[in-house]
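Chemist: This structure is in structure tokens; I'll ask about it shortly.
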Amino acid sequence: MDQSVFLPQGDFGQIFERLREAGYRVVGPAEQEGALTYDVLESADDIPVGLVDRQAPGHYRLEQQNHRRRFDWVGTAQGLKPWLFVAEQPLWVAREVEGGLRFEEVRETPVPTAVIGVRACDLAALALQDRHFLDGDYPDPHYRARRESLLLVAVNCHRSADTCFCVSTGDGPEVTFGADLVLDELDQGYLVKAGSERGAELLARLPGRPVRGWHKRRAKALRKQARTQQRALPSRDLRGPLYAARDDMRHWQPVAERCLTCGNCAAVCPTCFCHRVDEESPLDGSLSRAVRRWDTCFNDEHSYLVGHVVRKSAEHKYRQWLTHKLAIWHDQYDRSGCTGCGRCITWCPVGIDIVEEAERLCREVGES
Amino acid sequence: MAQASIAVHKLTSCSGCQSVFLNLGDDLLVLNELVEISHFIEAGLNNFDAEVDIAFVEGSITTPDDEARILKVRERSRFVVAIGACACSGGVQALRNVKDSVGWAGAVYADTEYLDSLAESRPVAQLVKVDLELWGCPISGRQLIATVRALLQGVPPVLPTEKVCQECKRAGNVCVLVTKAAPCLGPVTRAGCGALCPSFGAPCYTCFGASEQPNCDSLGERLVGLGIPQRQVAERFVSISSGLEPYQKAWARWRIPAKQLDS
Ligand code: SF4
Ligand code: SF4
Ligand code: SF4
């Protein structure tokens, strides 16, 4: 499947048109309150050009630059998570009927969706969410339906944000799996590579030109440039130091003083999957609706057991988040739960930095 | 047949929370079928002395008359549900508790002789036992419906204590504190509004009061660090729910000493 073509700048809209002909709604980068997010787009013209994101702990700004590239930004506010593991998912409805209750499953038919602009860390996170929601004896039907109707057009990052550390987690910046099409954006156009059968079919219908040697050399140099990152986790497997730090609360106090227990980190983390189920009834009580909502380990209710909140303090909550993500995931899913996207760093209102905290803990327990 | 009787009372308040009943739309008709509404002046029913199963009380206690009335309401009601920021925390008028309200009155009214106010604005729970508090400025219709439904079934309603940030993220908002350095208090405010202000790009104003575990020290330090003047940070914390202790502490920490303010 090593098929590639070169698509000139001016023909970018063709990708859009082919996707729409194939029945997909197209989702891609859009500006919202000063950040890029994935949103439904009407045409290729909806994609902003020349935008670059500046990210730092608790900080995100867009900068308009003087070029026509569409994918020079690095991170969207959310990854693919809200499109698959949706924030509010109706599960079932129970109605009172003669002689008992009737339970009705809620099943939607998702719209086939193509997402343009996905990065390597997004795909790595998607693979982890797939693992959680689809593997095992009880795959989640809601997630599965959306997952099966998804097509992914990925982009190789040609720069990194200051908050990125995917090189250290092994998840980027180059797309190596999971996409139907992979783009490298040059000033003159796009190097388009097929990553699946569906991708190859799309590619065949694009007005592509042959790939030249210089296209490849230029793309390779740009991909290399993205590997320069300012942050790196001390190791891919931090079970040793994190388990060693677990019981001495002095390790967790410095971060707990700053942590707002607001749960923004977990909400933007593309691999976090925690949720709760709320029961809702209309005023007349004629039925009961079960709705699954995003939840996080920073909420009291999340650890409410037999009348007690087990993880009440910020120390306990932050410890749960970090230890689960970077250590316990290895036992559950054979790898860490972090793909180095840096979202938890950028979107933490007080700028708590997961890499800095991991480094500090490693230092304090004397290992790395 | 009505399953319960209710009353909607008003103390010192703007009537916004009572209006939530009137704005329930079709559910107002359903409510009228389910319960007997005994007293609700804004809806034209004046029967203050009625004994009821559930009394919804809007407003804070700021006058001797409020004091007398809330004691009577408590006596005549099985459940007392405080509704809104005023009833739950003293409301915006609790600003008088932290500043010189006598001086303010003098500045506003030509003649203060006819004013009969208490020195402080107090939440209902400081005078009588409150069975349930519904937060918000105003309360949310969704939570009101859930509460009535739960009480009719004889169970406590499930009301959130999590932070506005959680609703904000579920709503798909971009955080305005991060992208615009807006002084959002969502991280220390109880959820319930559905992150209304951030959904329109505005920072949160603490309408639903303090969330569980409000870390106002850290948030305030961050806002000051973003370059927002200390006095503005202090004042953000004491607006709608100024009577709450965590917010008052934050105000005390960042306000410019009173002496400097007056000069
Ligand atoms: S833990 Fe942080 S950096 Fe890692 S995947 Fe989650 S949001 Fe991204
Ligand atoms: S680390 Fe930051 S984003 Fe996460 S809960 Fe604490 S303050 Fe909120
Ligand atoms: S905008 Fe406000 S409520 Fe929303 S996530 Fe940011 S700090 Fe929290």
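Chemist: Among the residues of the stretch B:204-238, write down those that are away from ligand 2 (no atom under 16 Å from the Cβ), of a type in the set (S, T, Y) and under 14 Å from B:W254 (Cβ atoms).
Modeler: Correct list: empty.
Chemist: Give B:I37, B:I83 a once-over and let me know the one that is in contact (Cβ under 8 Å) with a residue 60 or more places away in the chain and assigned by TED's automatic domain parsing to the domain that holds B:G136.
Modeler: From the options B:I37, B:I83, the qualifying one is B:I83.
Chemist: For the stretch A:249-279, give me each residue that is open to solvent by 50 Å² or more (accessible area, probe 1.4 Å) and either at pLDDT 95 or above or more than 13 Å from every other protein chain (Cβ to nearest Cβ) (or both). Lay out the reasoning, then the answer.
Modeler: Step one: of the stretch A:249-279, the residues open to solvent by 50 Å² or more (accessible area, probe 1.4 Å) are A:250, A:253-254, A:257-258, A:275, A:277, A:279.
Within the stretch A:249-279, A:R250, A:Q253, A:P254, A:E257, A:R258, A:H275, A:V277 meet the criteria.
Chemist: Test each condition in (1) surrounded by fewer than 15 Cβ atoms within 10 Å (Cβ to Cβ); (2) in a loop (DSSP other than H, G, I, E, B) for A:F103 and report the one that comes out false.
Modeler: Here A:F103 clears every test but (2).
Chemist: Could we say that A:V167 is away from ligand 3 (no atom under 16 Å from the Cβ), away from chain B (no Cβ under 14 Å) and outside any helix (DSSP H, G or I) here?
Modeler: In short, no.
Chemist: Out of the residues in the stretch A:71-100 meeting the condition of being of a type outside the set (A, V, I, L, M), touching a residue at least 24 places away in the same chain (Cβ under 8 Å) and assigned to a strand (DSSP E or B), tell me which one is farthest from the other protein chains (Cβ to nearest Cβ).
Modeler: Among those residues, the one meeting the criterion is A:W92.
Chemist: Regarding the stretch A:197-211, can at least one residue be identified that is on the phi > 0 side of the Ramachandran plot, in the same structural domain as A:F133 (by TED's automatic domain parsing) and out of contact with any Lys or Arg (no Cβ under 6 Å at 6 or more places or on another chain)?
Modeler: No - not one qualifying residue is present in the stretch A:197-211.
Chemist: Being within 14 Å of chain A (Cβ to nearest Cβ) and under 19 Å from B:L244 (Cβ atoms) is the filter here, so list the residues in the stretch B:123-146 that pass it.
Modeler: Of the stretch B:123-146, the ones within 14 Å of chain A (Cβ to nearest Cβ) are B:140-146.
Hits for the stretch B:123-146 are B:S140, B:Q143.
Chemist: Ok, one more. Filter the stretch B:196-206 down to residues that are buried (at least 24 other Cβ atoms within 10 Å of the Cβ) and under 15 Å from the mean Cα position of the chain (by Cα) and give me whichever is farthest from B:S89 (Cα to Cα).
Modeler: Among residues in the stretch B:196-206 that are buried (at least 24 other Cβ atoms within 10 Å of the Cβ) and under 15 Å from the mean Cα position of the chain (by Cα), the one farthest from B:S89 (Cα to Cα) is B:C204.
Chemist: Return only the number of the condition from (1) away from chain B (no Cβ under 14 Å); (2) exposed (fewer than 14 other Cβ atoms within 10 Å of the Cβ) that A:V40 does not satisfy.
Modeler: Here A:V40 meets the rest and fails (1).
Chemist: Might you check whether a residue that is within 14 Å of ligand 2 (Cβ to nearest atom), touching a helix residue (DSSP H, G or I) at 6+ places or on another chain (Cβ under 9 Å), open to solvent by 30 Å² or more (accessible area, probe 1.4 Å) and at the interface with chain B (Cβ under 9 Å from one of its Cβ atoms) occurs anywhere in the stretch A:303-314?
Modeler: Scanning the stretch A:303-314, I find at least one residue that is within 14 Å of ligand 2 (Cβ to nearest atom), touching a helix residue (DSSP H, G or I) at 6+ places or on another chain (Cβ under 9 Å), open to solvent by 30 Å² or more (accessible area, probe 1.4 Å) and at the interface with chain B (Cβ under 9 Å from one of its Cβ atoms), so the answer is yes.
Chemist: How many residues does the stretch B:175-195 hold that are out of contact with any strand residue (DSSP E or B) (no Cβ under 9 Å at 6 or more places or on another chain), open to solvent by less than 10 Å² (accessible area, probe 1.4 Å) and more than 9 Å from ligand 3 (Cβ to nearest atom)?
Modeler: Looking only at that region, the number is 0.
Chemist: Would you mind telling me which numbered condition in (1) at pLDDT 95 or above; (2) open to solvent by less than 20 Å² (accessible area, probe 1.4 Å); (3) over 16 Å from the mean Cα position of the chain (by Cα); (4) more than 11 Å from ligand 3 (Cβ to nearest atom) B:A210 fails?
Modeler: Condition not satisfied by B:A210: (3).
Chemist: Mind checking which residues of the stretch A:327-368 are more than 14 Å from chain B (Cβ to nearest Cβ) and within 16 Å of ligand 2 (Cβ to nearest atom)? Don't jump to the end; show me each part of the working.
Modeler: Step one: of the stretch A:327-368, the residues more than 14 Å from chain B (Cβ to nearest Cβ) are A:327-341, A:354-368.
Once the filter is applied, which keeps residues that are more than 14 Å from chain B (Cβ to nearest Cβ) and within 16 Å of ligand 2 (Cβ to nearest atom), the stretch A:327-368 yields A:G337, A:C338, A:C341, A:I354, A:V355, A:E356, A:E357, A:A358, A:E359, A:R360, A:L361.
Chemist: Tell me which residues, restricted to the stretch B:167-200, are within 16 Å of ligand 1 (Cβ to nearest atom) and closer than 16 Å to A:E88 by Cβ.
Modeler: Across the stretch B:167-200, the qualifying residue is only B:K169.
Chemist: While we're on this one: Restricting to the stretch A:320-338, what's the tally of residues that are within 18 Å of A:P234 (Cβ to Cβ) and open to solvent by 50 Å² or more (accessible area, probe 1.4 Å)?
Modeler: The qualifying residues number 2.
Chemist: Find the residue count for the stretch A:312-368, including only residues that are more than 14 Å from ligand 1 (Cβ to nearest atom) and either touching a strand residue (DSSP E or B) at 6+ places or on another chain (Cβ under 9 Å) or at positive phi (or both).
Modeler: The total comes to 2.
The values are calculated or read from the model by the stated rules, or taken from the named source; none is laboratory data. It should be emphasised that the depicted structure is a prediction, and the values quoted were computed from it without experimental measurement. So basically every Cβ, Gly included, is an ideal-geometry build from the backbone, and we count neighbours across all protein chains shown. Each accessible area value is taken on the protein alone, full model and side chains, heavy atoms only, with ligands, DNA and RNA left out. Shrake-Rupley method; radii C 1.70, N 1.55, O 1.52, S 1.80 Å.
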